[in-house]
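First the structure, in the form of structure tokens, and then the observations on it.
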Amino acid sequence: MAITRVIPVLLLKNSGLVKTLKFKDPKYVGDPLNAVKIFNEKEVDELILLDITATTENKKPQLELLKEIAGECFMPLTYGGGIKSSDEIKDILKVGVEKICLNSVAVENADMVKQSVRRYGSSTICVSIDVKKNFFGKQEIHTHSGKTNTKIDPLTFALQMDKLGVGELIINSIDRDGMMQGYDVELMKKITNAVNMPVIACGGAGTVAQMKEVIQQGGASAVAAGSMFVFHGKHRAVLISYPSQEEMESIFE
Amino acid sequence: MMTDLRPYQICTRCIMDTTDTEISFDENGQCNHCASYFKLAPLYVYQGESSDKALQELVAKMKEAGKNSEYDCMVGVSGGVDSSYVAYITKKLGLRALTLHFDNGWNSQLAVKNIENIVKKSGFDYQTWVVDWEEFRDLQVSFFKASVANLEIPTDQAFLAAIYNLCNKYNIKYILSGSNFATEGILPKSWGYNAKDTKHIKAIHDQFGKVPFKTYPLLGFNREFYYTYVKGIKMVRLLNYVPYVKSDAMKVIQDELGWVYYGGKHYESVFTRFFQAYILPVKFGIDKRKAHLSTLICSGQITREEALEEMQKDPYPEELLTQDKDYVIKKLGLTPEEFETIMKAPVKSYKDYPNDEKRLKFIYSVYNKLRGR
Amino acid sequence: MVIIIDYGLGNLGSIKNMLNKIGVNAEISGDPVVISSATKLILPGVGAFDNGMQNLTDLKLIEVLNKKVLEDKVPVLGICLGMQLMTRGSEEGNLLGLGWVDAVTIKFNSTDSERKFPIPHMGWEYVKAEKESLLLKEMYDKPRFYFVHSYYVKALRGDDVLISTDYNGEFVSGFEKNNILGVQFHPEKSHKFGMKLFKNFIENY
């Protein structure tokens with residue numbers, strides 16, 4: 001098995017980075033270019049950058065900014081946010097992004113996903129689903145940065161994406177977003193047991209031990225984290241960090 | 001270039017020279033800077049027992065004032081030597097501190113790592129003030145276009161505003177700063193106007209800026225007066241109360257806090273290191289190392305020969321310079337051509353722009369008298 | 001001049017970026033005239049085998065590349081699909097490869113519990129040097145690189161194997177035959193390990 005990837009997730013709101021709590025209350029984190037530069041110098045495995053208002057505000061991906069950011073990455077970069085058509089993907093890849101993350105559009109237009117996989121290769125296309133429990137505890141997929149409840153069951157959807165040849169799946173727990181109290185291991189387990197593609201856990205990471213848990217018990221192929229790598233302490237103050245190579249090796253091997 | 005018509009002359013005691021256009025020399029060729037240093041040192045540099053006593057009294061005062069707050073003091077941390085050493089001393093003194101990092105978007109990875117180590121090892125609570133990058137960049141570019149020598153005003157001013165603001169919020173009465181006389185005592189006025197002139201900042205912003213101020217913190221004298229006089233928040237240069245030898249301090253923080261050296265003073269900020277090692281020398285003919293090394297000569301930390309040797313070295317490894325230059329230009333949103341145009345534009349003085357120098361000089365002299373300075 | 005071959009596929013910008021970072025000024029070009037003046041070549045590639053070979057053919061690059069590599073012995077580094085194109089052919093496609101090395105490209109076998117070794121093979125992996133080489137000179141400890149592929153190279157001549165990697169069995173992740181080098185992983189996305197590899201390629205060949 002490939003070395004388990006530990007991936008920082010950065011959220012873009014217009015031209016600045018923010019961090020949310022349960023997908024709400026965005027707190028300003030700073031300049032994306034410098035944050036990416038720092039993560040690059042920390043030699044992180046991979047980076048995911050998501051534009052969280054592009055789809056809801058009907059805006060196009062910010063190609064100029066993406067180009068500058070990609071120029072600072074000597075590791076793979078995944079971008080998601082506001083992608084509606086398969087054609088747009090070409091331009092994004094051209095500026096130096098390795099992988100594309102589809103979210104709202106994947107739910108609305110499965111055919112677009114199929115086309116994109118065929119055109120760009122499955123390893124280039126990943127799909128992320130944002131999941132929230134309803135009043136009765138049932139998990140449901142939400143799109144448009146958590147604003148629209150599609151009522152779709154995540155497992156059913158994941159199986160569908162698997163069949164379309166999507167390269168990897170990101171499962172993001174809205175309930176646990178920013179809370180730093182651990183991943184939704186149960187949800188991960190349910191999905192990883194059913195699909196063939198690699199699944200990345202996201203939402204809730206607070207400690208390296210929690211990462212180990214979702215890998216070993218949840219079957220995650222990789223773990224993603226936002227707040228954990230961007231905040232420190234009770235005041236939730238901005239401090240970019242990443243586990244050292246030694247820390248990661250000791251936990252994952 | 002900011003050169004004088006007078007012939008080049010360098011001090012025979014320290015290494016300050018005529019790139020400070022206002023420098024003066026006595027009959028022995030010794031300059032006003034080191035003379036001034038020796039005159040003021042007894043007031044500001046560690047003097048042994050009297051300093052120890054003063055420190056004890058200060059700590060008692062801080063603990064007393066801290067009774068009404070979660071914290072006894074606030075410590076600004078940048079990842080650099082001075083502030084890291086302050087954090088170390090503060091911990092040893094048993095004070096409850098809130099560490100504050102002012103984030104202007106230019107942190108180097110090593111600086112961030114150092115801050116992380118300090119905060120984790122000391123166990124102090126931690127806060128940041130993150131300046132809105134769009135507003136800040138616009139202000140930095142404005143100052144750059146204004147061709148004035150002190151490009152750090154946007155940072156320095158905002159940092160002060162932020163730290164006072166937060167002290168007020170957390171009801172903290174003492175700010176422990178890393179500024180110190182032993183390594184920074186010498187700094188010519190002609191090399192940079194002081195940061196606290198909001199009229200000057202607004203004027204330059206009005207002339208060259210495009211992004212309106214929405215969240216960028218402005219201090220201004222009235223507000224500063226409120227914080228310091230009305231709210232009683234005091235700025236303390238803690239390192240003036242302890243023996244401060246840079247190389248020793250570095251070793252201590254390396255051993256105790258896992259601090260890592262990044263090369264060069266203030267090199268924890270990508271902008272500052274590029275500014276000091278490239279923009280200042282190339283556009284303004286100013287090499288700040290002279291001031292810093294001259295201070296070290298006066299405080300007995302290095303010899304004049306060692307200082308001259310140090311000056312022979314490149315302030316910047318060539319490779320890093322190219323990378324930093326590309327990065328700074330990109331990050332400031334300029335094209336390489338625009339950058340070169342500004343670099344070649346004639347040097348201006350702060351006096352060429354609206355400023356409150358006279359009024360502030362007067363106000364501060366009265367204010368300082370009131371406070372017994 | 002180091003030329004990164006542009007035949008419509010691959011992380012050209014990323015490779016140029018990394019070379020830039022280590023102080024190497026490389027040019028990106030798909031022009032046979034420019035390529036014929038190269039002192040070193042990099043053949044990148046991401047995507048399908050037949051697409052790659054077809055593009056090289058359509059751009060009339062095969063002739064000049066054969067001359068530069070096989071006759072002039074110009075050092076060439078193939079990356080990912082670029083490495084695979086240097087083999088005789090691939091299970092993925094119908095077209096013949098460049099045939100610069102005695103090897104073929106075959107698909108990963110997903111016979112085991114697919115959960116443990118999903119295809120495409122995507123992620124960071126440790127690599128092992130199988131012979132001494134200037135390409136790996138002073139490489140950092142525990143070298144790892146970023147992989148993303150569904151096919152791999154099977155070298156028919158043992159001597160040509162330079163690097164191997166374990167993914168449900170060992171496979172060839174790098175070969176070296178005189179001036180012809182190929183790596184399955186993406187050095188341009190592998191931080192300091194990639195930088196060292198590129199540096200060695202530029203300085204030692």
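Using all alpha carbons of the protein assembly as shown, what is the percent of pairwise distances in each 20 Å bin, ordered from the shortest bin to the longest?
Reading the bins upward from 0: 14, 42, 32, 11, 0.
For a quick check: sort B:Tyr241, B:Tyr226 by the number of other beta carbons within 10 angstrom, fewest at the front.
Placing the least packed residue first, the sequence is B:Tyr226, B:Tyr241.
Let me know the charge dipole size of the stretch B:99-246 about its Cα centre in debye, to the nearest 20, where only the beta-carbon of Lys, Arg (+1) and Asp, Glu (-1) is charged. Intermediate results must be reported in sequence, preceding the final value.
Working: 18 positive and 13 negative charges, 74 e Å.
The calculation lands at about 360 debye.
If you take the beta carbon distance between B:Glu70 and B:Tyr261 as r and set R0 to 25 Å, what does 1/(1 + (r/R0)^6) give as a FRET efficiency, to the nearest 0.05? Before the final figure, lay out the partial values.
Numbers: r = 33 Å, r/R0 = 1.31.
FRET efficiency, B:Glu70 to B:Tyr261: 0.15.
7 Å from Cα along Cα→Cβ at both A:Asp87 and A:Glu57: what's the point-to-point distance in nm?
2.4
Taking the Cα centre of the stretch C:1-129 as the origin and placing charges on Cβ (Lys, Arg +1; Asp, Glu -1), which of C:Leu65, C:His121, C:Ser90 is farthest toward the positive end of the dipole?
In the stretch C:1-129, that residue is C:His121.
Arranged by the count of other C-beta atoms within 10 angstrom, fewest first, what order do B:Cys11, A:Cys101, A:Cys202 take? Each step should come with its number before you reach the end.
Details: B:Cys11 25, A:Cys101 21, A:Cys202 29.
The most exposed by this proxy come first: A:Cys101, B:Cys11, A:Cys202.
Kindly provide the GluC sites (Glu not before Pro) of the stretch A:53-101 that DSSP labels as loop, not H, G, I, E or B, and whose Cβ sees at most 15 other Cβ atoms within 10 Å.
Values: sites: A:Glu57, A:Glu64, A:Glu68, A:Glu72, A:Glu88, A:Glu98; in loops: A:Glu57, A:Glu72, A:Glu98.
The qualifying sites are A:Glu57.
What's the magnitude of the charge dipole for the stretch C:20-145 around its Cα centre, counting Lys and Arg as +1 and Asp and Glu as -1 at the beta-carbon? Answer in Debye, nearest 20.
Values: 15 positive and 17 negative charges, 67 e Å.
Charge dipole of the stretch C:20-145: 320 debye, to the nearest 20.
Which order do the peptides C:34-42, C:126-134, A:43-51 take when ranked by the mean count of other beta-carbon atoms within 10 Å per residue, highest first? Walk me through the numbers before you get to the answer.
On the way: C:34-42: 18.8, C:126-134: 14.7, A:43-51: 22.8.
Output ranking for C:34-42, C:126-134, A:43-51: A:43-51, C:34-42, C:126-134.
Counting helices only, and only those DSSP H runs with n ≥ 4, report the 222 nm mean residue ellipticity of the protein assembly as shown as the sum of -39,500 (n - 2.57) divided by its residues, in deg cm²/dmol to the nearest 500. Each step should come with its number before you reach the end.
Working: 32 runs with 312 residues, N = 831.
That comes out to -11000 deg cm²/dmol.
Hey, which aspartates and glutamates would be in cross-link range of B:Lys113, C-alpha to C-alpha under 12 Å, not counting anything within fewer than 8 residues on its own chain?
A:Glu41, B:Glu268
Looking at chain A, identify the longest residue range that excludes and avoids all trypsin sites (Lys or Arg not before Pro) in DSSP loops having at most 12 other Cβ atoms within 10 Å. Can you show the working numbers first?
Values: sites that count: A:Lys138, A:Lys147, A:Lys151, A:Lys234.
The answer is A:1-137.
Cut-off is 10 Å between beta-carbons; in what order do B:Trp259, B:Trp129, C:Trp100 appear when sorted fewest neighbours first?
Values: B:Trp259 27, B:Trp129 19, C:Trp100 23.
With the sparsest Cβ surroundings first, the list reads B:Trp129, C:Trp100, B:Trp259.
Quick one: check the C-alpha center-to-center distance for the stretch A:179-253 versus the stretch B:67-110, whole angstrom.
Going from one Cα centre to the other spans 30 Å.
Send over the Kirkwood Rh of the stretch B:47-370, from the inverse of the averaged 1/r over different Cα pairs, rounded to one decimal Å.
Values: mean 1/r = 0.0481 Å⁻¹.
About 20.8 Å for the stretch B:47-370.
Mind telling me which of B:Asp132, B:Asp314, B:Asp82 comes out most flexible in a GNM of chain B, alpha-carbon contacts under 10 Å?
In the Gaussian network model the winner is B:Asp314.
Report, in debye and to the nearest 20, how large the dipole of the stretch B:47-370 comes out about its Cα centre when Lys and Arg carry +1 and Asp and Glu carry -1 on their Cβ.
Numbers: 44 positive and 40 negative charges, 227 e Å.
Using Cβ point charges on Lys, Arg, Asp and Glu, the stretch B:47-370 gives about 1100 debye.
Would you mind counting up the charge near B:Glu224? Only other residues with Cβ under 11 Å from its Cβ, with Lys and Arg at +1 and Asp and Glu at -1. Mind showing how you got there, number by number?
Values: positive: B:Lys196, B:Arg223, B:Lys231; negative: none.
Here the count lands on +3.
Can you list the residues, at least 5 places off or on another chain, whose amide H is less than 5 Å from the amide H of C:Gly99, using H built in the peptide plane?
Under 5 Å from the amide H of C:Gly99 lie the amide H atoms of C:Thr87, C:Arg88, each far enough along the sequence or on another chain.
Going through the stretch B:228-275, which trypsin sites (Lys or Arg not before Pro) have at most 15 other Cβ atoms within 10 Å and a DSSP loop state? Walk me through the numbers on the way to the answer.
Details: sites: B:Lys231, B:Lys234, B:Arg237, B:Lys246, B:Lys251, B:Lys265, B:Arg273; in loops: B:Lys231, B:Lys265.
Sparse-neighbourhood loop trypsin sites (Lys or Arg not before Pro): B:Lys231.
With 22 Å as the limit, write out which pairs from A:Lys132/A:Lys234; A:Lys67/C:Lys199; A:Lys19/A:Lys138; A:Lys138/A:Lys189 have Cα-Cα distances beyond it, or answer none.
Working: A:Lys132/A:Lys234 26 Å; A:Lys67/C:Lys199 24 Å; A:Lys19/A:Lys138 26 Å; A:Lys138/A:Lys189 15 Å.
Over 22 Å apart, Cα to Cα: A:Lys132/A:Lys234; A:Lys67/C:Lys199; A:Lys19/A:Lys138.
GluC sites (Glu not before Pro), restricted to the stretch B:25-122: which are DSSP loop and have at most 10 other Cβ atoms within 10 Å?
On the way: sites: B:Glu27, B:Glu49, B:Glu57, B:Glu64, B:Glu70, B:Glu116; in loops: B:Glu27, B:Glu70.
Hits after loop and neighbour filter: B:Glu27.
No value in this document is a laboratory result; all are computed from the given coordinates. Bear in mind the structure is a predicted one, so any value in this text is a computation, not a measurement. When we count neighbours, we look across all protein chains shown, and the Cβ atoms used for this are built from the backbone with ideal geometry, even at glycine.
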